[in-house]
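> Shown below is the structure under consideration.
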Amino acid sequence: MTAMSEPAPPPADYGRVETVSPLVRRVLAHNPGPFTYTGTGTYIVGHGTVAIVDPGPDDPDHVAALLAAVAGETVSHLVVTHTHRDHSPAAPAVKAATGARIVGCAPLVLDDLGPRADAGFDATYSPDAVLADGDSIGGPGWTLTALHTPGHTSNHLCFALAEERTLFSGDHVMGWSTTVVAPPDGDMAAYMASLRLLLDRDDMVYYPTHGPAVTEPQRLVRGMIAHRRQREAQIVDRLEAGTQTVPEMVATMYAAVDPRLHPAAGLSVTAHLIDLAARGVVARRGDAWALAA
């Protein structure tokens, strides 16, 4: 799952292998939508012996396209950023065909508050190894290092490709939209801390699982932090104006956004309110919220 949608997805060439850098290729799954943009972008890292990052949805056509893309090569690792069902369910089929090990985030299956805004969590995910922050895997000419970036989900990992100073950013940072932070697992304070963590890095480009490459990552991350602070200020303004419930806030704050995305917007507003409450700015009164006395 991604996001609070902005532009409509452009036309996409599904199943084709796209070379995005000397070490990285991309295959796009045919699962476009308001939360996936053009679809899940699965990345192939290296040549000869390769890793596949975010194998994608349980879609036979996508699995077939991935296997065709790596024909004649050895797939050593299937690397998973987090366990939403547009990211990890293809892993068992690709593992069965290639013998690759499934590695990456820890398993996580739970229900979030309110209506689901995404495809939910992958209950089938069973990694051969869970990677912690700083753990690395590698092959000929490439190294992937895990970076724990909770917020979108508590088990979210990004993966740094040292040889090209790039970051596979999963759903943590995307160039086309902001990311939904859905309580109780999604955590706004953790998400903001994870964004600030990226500002201390020197990555040259991000490859998100949805949308195009991010070629000015530091600038984008600073903008995302500012955007979240702006949303936080809007929530405080709404409370000062007498608005008390999340649906009322969403109706005003997201009036120009596709109504199909309002449930997801409500989850992010709730995440902001939980963070504000933890900091003593607001207080909850049943289904209503108010500024703290």
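> Return yes or no: is residue 263 part of a loop (DSSP other than H, G, I, E, B) and more than 28 Å from residue 27 (Cβ to Cβ)? So that I can check it myself, show each step before the final result.
Numbers: part of a loop (DSSP other than H, G, I, E, B): no; more than 28 Å from residue 27 (Cβ to Cβ): yes.
Answer is no for this residue.
> Let me ask something additional. Looking at (1) more than 25 Å from residue 265 (Cα to Cα); (2) part of a strand (DSSP E or B), can you tell me which one residue 169 breaks?
(1)
> Right, another one. Quick check on this structure: which one of 179, 243, 252 is touching a Phe, Trp or Tyr at 6+ places or on another chain (Cβ under 8 Å) and hydroxyl-bearing (Ser, Thr, Tyr)?
179
> Cβ-Cβ under 7 Å, sequence separation 6+ or interchain: first residue in region 125-136 and in the same structural domain as residue 92 (by TED's automatic domain parsing), partner in a loop (DSSP other than H, G, I, E, B) and of a type in the set (Lys, Arg). Which pairs?
none
> Surrounded by 21 or more Cβ atoms within 10 Å (Cβ to Cβ), under 18 Å from the mean Cα position of the chain (by Cα) and part of a loop (DSSP other than H, G, I, E, B) - does that describe any residue in region 212-222?
We begin by selecting, within region 212-222, every residue surrounded by 21 or more Cβ atoms within 10 Å (Cβ to Cβ); these are 214, 217, 221.
This time we only want the ones that are under 18 Å from the mean Cα position of the chain (by Cα), so: 214, 217, 221.
Among the residues that remain, those that are also part of a loop (DSSP other than H, G, I, E, B) are: none.
No: region 212-222 contains no residue that is surrounded by 21 or more Cβ atoms within 10 Å (Cβ to Cβ), under 18 Å from the mean Cα position of the chain (by Cα) and part of a loop (DSSP other than H, G, I, E, B).
> Take residue 265 and decide whether it is surrounded by fewer than 19 Cβ atoms within 10 Å (Cβ to Cβ) and either under 30 Å from residue 134 (Cα atoms) or modelled with pLDDT under 95 (or both). It would help to see each step written out before you state the result.
Values: surrounded by fewer than 19 Cβ atoms within 10 Å (Cβ to Cβ): no; either under 30 Å from residue 134 (Cα atoms) or modelled with pLDDT under 95 (or both): yes.
Spelling it out, it is not the case that residue 265 is surrounded by fewer than 19 Cβ atoms within 10 Å (Cβ to Cβ) and either under 30 Å from residue 134 (Cα atoms) or modelled with pLDDT under 95 (or both).
> Which one of the conditions (1) of a type outside the set (Val, Ile, Thr); (2) in contact with a helix residue (DSSP H, G or I) (Cβ under 9 Å, 6 or more places away or on another chain); (3) over 16 Å from residue 181 (Cβ atoms) does residue 293 fail to meet, given that it meets all the rest?
Of (1) of a type outside the set (Val, Ile, Thr); (2) in contact with a helix residue (DSSP H, G or I) (Cβ under 9 Å, 6 or more places away or on another chain); (3) over 16 Å from residue 181 (Cβ atoms), only one is false for residue 293: (2).
> Now, a different point. Buried (at least 19 other Cβ atoms within 10 Å of the Cβ) and among the hydrophobic types (A, V, I, L, M, F, W, C), is that true of residue 276? Explain how you work it out, then say what you get.
Numbers: buried (at least 19 other Cβ atoms within 10 Å of the Cβ): yes; among the hydrophobic types (A, V, I, L, M, F, W, C): yes.
Yes; evaluated as a whole, the condition is true for this residue.
> Let me ask another. Tell me, please, whether a residue that is surrounded by fewer than 23 Cβ atoms within 10 Å (Cβ to Cβ), part of a strand (DSSP E or B) and modelled with pLDDT of 95 or more can be found in region 190-206.
yes
> Restricting attention to region 236-255, and to residues there that are more than 23 Å from residue 191 (Cβ to Cβ) and among the aliphatic types (A, V, I, L, M), which single residue is surrounded by the most Cβ atoms within 10 Å (Cβ to Cβ)?
If we take residues in region 236-255 being more than 23 Å from residue 191 (Cβ to Cβ) and among the aliphatic types (A, V, I, L, M), then 251 is surrounded by the most Cβ atoms within 10 Å (Cβ to Cβ).
> Evaluate region 161-168: report whether one residue or more is within 11 Å of the chain's Cα centre (by Cα) and touching a residue at least 40 places away in the same chain (Cβ under 8 Å). Steps first, please.
From region 161-168, those within 11 Å of the chain's Cα centre (by Cα) are 168; that's our starting set.
Now narrow it down to the ones that are touching a residue at least 40 places away in the same chain (Cβ under 8 Å): 168.
Within region 161-168 (the criterion being within 11 Å of the chain's Cα centre (by Cα) and touching a residue at least 40 places away in the same chain (Cβ under 8 Å)), the answer is yes, since at least one residue qualifies.
> Take the conditions of a type outside the set (Lys, Arg) and either surrounded by 14 or more Cβ atoms within 10 Å (Cβ to Cβ) or in a loop (DSSP other than H, G, I, E, B) (or both) and apply them to residue 86. Does it pass?
yes
> While we're on this one: Looking only at strands (runs of 3 or more DSSP E) that lie completely in region 12-81, which have at least 1 residues being among the basic types (Lys, Arg) and closer than 18 Å to residue 97 by Cβ?
Values: elements: 17-21, 24-28, 41-45, 49-53, 74-80.
Passing ranges, in order: 24-28.
> List pairs: first residue in region 230-255 and assigned to a loop (DSSP other than H, G, I, E, B), second residue of a type in the set (Gly, Ala, Ser) and surrounded by 15 or more Cβ atoms within 10 Å (Cβ to Cβ) anywhere in the structure, Cβ distance under 7 angstrom, at least six positions apart or on different chains.
Matching pairs, first to second residue: 254/265.
The values are calculated or read from the model by the stated rules, or taken from the named source; none is laboratory data. Everything numeric here is computed off the predicted structure, so don't read it as measured data. So basically every Cβ, Gly included, is an ideal-geometry build from the backbone, and we count neighbours across all protein chains shown.
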